[in-house]
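Since the structure comes first, as structure tokens, the remarks are kept for the end.
The values are calculated or read from the model by the stated rules, or taken from the named source; none is laboratory data. What you are looking at is a predicted structure, and each value in this text was computed from that prediction instead of being measured. A quick note on method: Cβ atoms are made from the backbone with ideal geometry, for glycine too, and the neighbour counts reach across all protein chains shown.
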Amino acid sequence: MLPIELGSGDHALQEALRPHGDLATWRQLMLMGVLPNTVPSLYVSAGIAGILRHWCPDSENFIVHLYNDSSSGKTTALRAAAGLWGNPLRLIDMWRTTDNGLEGRCVARNDMSLFLDEAGMVSSDDVVKNAVYMIGNGGEKLRALRDGSERKPRTFRVVALSTGERALLRGERHAGQEVRTLEIPTHITGSF
């Protein structure tokens, strides 16, 4: 049993964590399509790292981002990694989100991996910069309740797997972003 605390109302996540498809087919696809290739193997391994954060609470959150042109296998690798957890079609989210939405998803995926596809859908580079720091720091931003009192920010331990056609960190880079993000151009190892 995985040591994941699911909120009683998180039926979508409970459904997403149910296995999808045939185990023998999944195993064959992993043996033939993922394991012989270095980048997908690394990516699938990073997908497992989310659960390891439960037993290593002093470790830090991080993002692994695959990028290259369309149809280079990035989303396929993301689906293979998400398939370790359950139904990839229900576990993969799009980068097109708000800060609040992404914070909520990170909290819901505590001690898991977070799967984000299509980084090119982000409306501005500032959203990505904020997301990198938020995921890396493992907590929501400070907010006030309606009465003005402080609401305690929720924290989380996640490993985020991301895909896109371009590098996630563009323009001016900061050391704080670079230590939280591993960017892998998939063309360096050939096709998937």
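The table that follows gives values for the structure above.
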read-out: Condition check for V132: of a type in the set (V, I, T) and in contact with a Phe, Trp or Tyr (Cβ under 9 Å, 6 or more places away or on another chain); value: no
read-out: Residues within region 109-127 that are of a type in the set (K, R) and surrounded by fewer than 15 Cβ atoms within 10 Å (Cβ to Cβ), tallied; value: 0
read-out: Residue list for region 128-137, filter: under 22 Å from M112 (Cβ atoms) and either crowded, with 19+ Cβ neighbours inside 10 Å or under 13 Å from the mean Cα position of the chain (by Cα) (or both); value: V128, A131, V132, M134, I135, G136
read-out: Hey, L168 under 16 Å from the mean Cα position of the chain (by Cα) and under 23 Å from L52 (Cα atoms) or not; value: no
read-out: Some residue of region 138-148 being within 26 Å of I184 (Cβ to Cβ) and in contact (Cβ under 8 Å) with a residue 40 or more places away in the chain; value: yes
read-out: Flag for A160 being at pLDDT 80 or above and assigned to a helix (DSSP H, G or I); value: no
read-out: Residues of region 149-162 classified as closer than 30 Å to I184 by Cβ and not hydrophobic (A, V, I, L, M, F, W, C), total; value: 4
read-out: Any hit, region 142-157, residues being under 20 Å from I92 (Cβ atoms), surrounded by fewer than 19 Cβ atoms within 10 Å (Cβ to Cβ) and over 11 Å from the mean Cα position of the chain (by Cα); value: no
read-out: Selection count, region 109-122, where residues are within 16 Å of H65 (Cβ to Cβ) and not in a loop (DSSP other than H, G, I, E, B); value: 8
